[in-house]
There are 2 protein chains.
Amino acid sequence: MTEILRTRAALRARVTGWKRAGEVVGVVPTMGALHAGHLSLVTAAKAGCDRVIVTIFVNPKQFNSASDLEKYPRTEEADAEKVAPYGVDVIYAPGPEEIYPEGFATSVSVSGLTEGLCGAFRPGHFDGVTTVVPKLFLQTGADKAYFGEKDYQQLQVVTRMAADLDIPVEIVPCATVREADGLALSSRNVMLPADTRRGAAELYAVLSEVAAALSGGAVLDELSGAAEARLIAAGFEKVEYLDLRAVGTLAPMQRADGPARLLVAAWLGGVRLIDNVAVG
Amino acid sequence: MTEILRTRAALRARVTGWKRAGEVVGVVPTMGALHAGHLSLVTAAKAGCDRVIVTIFVNPKQFNSASDLEKYPRTEEADAEKVAPYGVDVIYAPGPEEIYPEGFATSVSVSGLTEGLCGAFRPGHFDGVTTVVPKLFLQTGADKAYFGEKDYQQLQVVTRMAADLDIPVEIVPCATVREADGLALSSRNVMLPADTRRGAAELYAVLSEVAAALSGGAVLDELSGAAEARLIAAGFEKVEYLDLRAVGTLAPMQRADGPARLLVAAWLGGVRLIDNVAVG
């Protein structure tokens, strides 16, 4: 089984040895409840680095609801088993007191990129992300960090934060991993009630069709009503957004007249699902 | 003369070589207009490190008034001459576009410690400090960073930020350097009108007397009226605060019934002066 470290002192001692030997260190930051999406990040990290650390930390600061934090799946033993065949060097699974000790008072924010999409519906969420992620980068001393495109806005925000703070880490984006029916893998999928699972696949189906229409020159506003109706018909309770955004700035677009991304967030069976695809 | 680097790429290339050789790197972050206070930091850095970088960057984000930013002295040539005898390895003097390139969107804040004292009178000031300082730490890759106790609240805030973000740098506090009459050295002193210079010394005189009384068991509220009156009589236009704070938390105190610091900010000849002393 992969060794689990719980303190940054133990982690630093390990990493210092690696760095001294000139080894390239990769990190895959996770909140646990690992699935094949995470494991694809691990595979990419193994290919690009000499040493790989998987972090497991359910970060309270990025949950904007106490019940969401409480319900979030915690499966450390199963996570360690899943990671075992991949040759990960260390699992770093600190407790909250190791990340936010008594007196902790600092927060990191990114403006602009965080303001729409999930940022509009989850107040404080991205501040929580951009406060914990630099800590994980600096605690692990990673040279490269692997993030999934499934959390596309998070990927842009983290990339901006790391560049802005001059953290010497390369952010490596990795493609979304999907179920056979297209559903993007997410730790939240296990919370979906059984009778909603089939409908969940409509999220990617709708996203793909709207993206195809946009690529053909269509205007988003003329597509979104029907797209939302189709999701509601499939059992979704609510569509938070279905937005076309410019790659890089995440500026809103109506037509895909430049590199763009179509992003969606919707609730199904009390679970918030997000997904996105490239357009054009 | 000491070599001046202007880009973080050039700086990183230099520091990488030092780190590879196992050398300990120290940084003295400054806004230029160097005086003997800065030079005492340089001396401490030389004693504690193999390599010393002095950074000179007038950080626009930490000025809460455009005119204050404009008036701030900029004396790079003279600064380089002053530093020359000290064996500093590199002066890093980036332009604003190197620190805040197009698209920069991140800010770092510390709560609690920043809320009173200068934080109450200079909105946004400490956010500016805690946004630029981690960048300077990470751009220089410094193992140790030297700060003067003259900016006592800043020292506490920077120490908190570096610990909270897990930046692997040791913050080394250095004692305030004073003129013969007690005036704490500050880059702002050159802006004092000639006829106010004598009165300026009253700031430290008053601070020392109040600190002595507090050490003897006095209560701050019973001393502050007379102390302020004495400063006004010496020509000060306004006393912003004269506060007793607990070491560590900066919690307000009335009696020095634990390790404490007495801090003052006051305006003289249109210049804002600050100072502080240990109590007890």
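All of the numbers you see were taken from the coordinates with simple rules; none came from a lab. In this text, all values refer to a predicted model and were calculated from it rather than measured experimentally. Cβ coordinates were reconstructed from backbone atoms using ideal geometry, including for glycine residues, and neighbour counts include every protein chain displayed.
The trypsin sites (Lys or Arg not before Pro) of region B:1-31 that DSSP puts in a loop, and whose beta carbon has at most 14 other beta carbons within 10 Å, are B:Arg6. Note on chain B: helix-only mean residue ellipticity at 222 nm, from DSSP H runs of 4+ residues weighted -39500 (n - 2.57) and normalised by residue number, equals -11000 deg cm²/dmol.
Computed from Cα atoms, the angle from the helix B:36-48 axis to the main principal axis of chain B rounds to 50 degrees.
Working note: Karplus 6.51/-1.76/1.60 with θ = phi - 60° gives region B:63-72 the couplings 9, 9, 9, 4, 6, 5, 4, 5, 6, 4 Hz, where Gly and Pro are set to x. Each copy carries a label point for A:Pro96 at 7 Å from Cα along the beta-carbon vector; from one copy to the others these points are 4.1 nm apart, nearest first. For the rotational copy relationship between A and B, the axis lies nearest to a chain A beta carbon, identified with its distance in whole angstrom as A:Val108, 3. Per residue, the convex hull spanned by the alpha carbons of chain B comes to 130 Å³. Ascending distances from the A:Ile4 label point to its copies in the other chains, with the point 7 Å along the Cα-to-beta-carbon line: 5.5 nm. Under 16 Å from a label point set 7 Å out along the Cα-to-Cβ vector of A:Asp221, the amide N atoms of region A:255-278 belong to A:255-257. Is region B:135-280 best put as rounded, prolate or oblate by its Cα gyration tensor, with a ≥ b ≥ c the root eigenvalues, rounded for a/c under 1.5, and otherwise prolate when a/b is larger than b/c, oblate when not? Oblate. Relative to the current alpha-carbon distance between B:Arg20 and B:Gln254, full extension at 0.36 nm per residue lengthens the span by 79.2 nm. The mean count of C-beta atoms from other chains within 10 Å of the C-beta of residues in A:123-131, rounded to a whole number, is 1.
Pull out the extension gain between A:Ala13 and A:Asp50, defined as 0.36 nm times the separation in residues minus the alpha carbon to alpha carbon distance; nm, one decimal. Roughly 11.6 nm would be gained on extension. Based on Cα atoms of the protein assembly as shown, Rg over Rh with Rh as the Kirkwood radius reads 1.03. Label-point spacing at A:Arg230 relative to the other copies reads 8.0 nm, in ascending order, each point sitting 7 Å out from Cα along Cα→Cβ. Per-residue Cβ neighbour counts within 10 Å put B:Met161, A:Met191, A:Met253 in the sequence A:Met191, A:Met253, B:Met161, beginning with the fewest.
A Förster radius of 56 Å, combined with the Cβ-Cβ distance separating B:Glu170 from A:Ala201, puts the computed FRET efficiency at roughly 0.55. For the residue pairs B:Lys82/B:Lys150; A:Lys71/B:Lys135; A:Lys82/A:Lys150, the alpha carbons lie more than 32 Å apart in A:Lys71/B:Lys135. Over region B:111-161, Cα pairs under 8 Å with separation of 6+ residues give a relative contact order of 48 percent. The distance between label points at B:Ala180 and B:Glu102 comes to 5.5 nm (points 7 Å beyond Cα on the Cα→Cβ vector).
The order of B:Val206, B:Val219, going from fewest to most other C-beta atoms within 10 Å of their C-beta, is B:Val219, B:Val206. Each residue of region A:206-211 is assigned a 3J(HN,Hα), and the resulting list reads 5, 4, 5, 5, 5, 4 Hz, derived from the Karplus form 6.51 cos²θ - 1.76 cosθ + 1.60 (θ = phi - 60°), x at Gly and Pro. Take every Cα pair under 8 Å whose residues are at least 6 apart in sequence, average their separation, divide by the length of chain B, and the relative contact order is 18 percent. Among B:Val172, A:Val190, B:Val264, B:Val28, the ranking by other beta carbons within 10 Å of each residue's beta carbon, starting with the fewest, stands as A:Val190, B:Val172, B:Val264, B:Val28.
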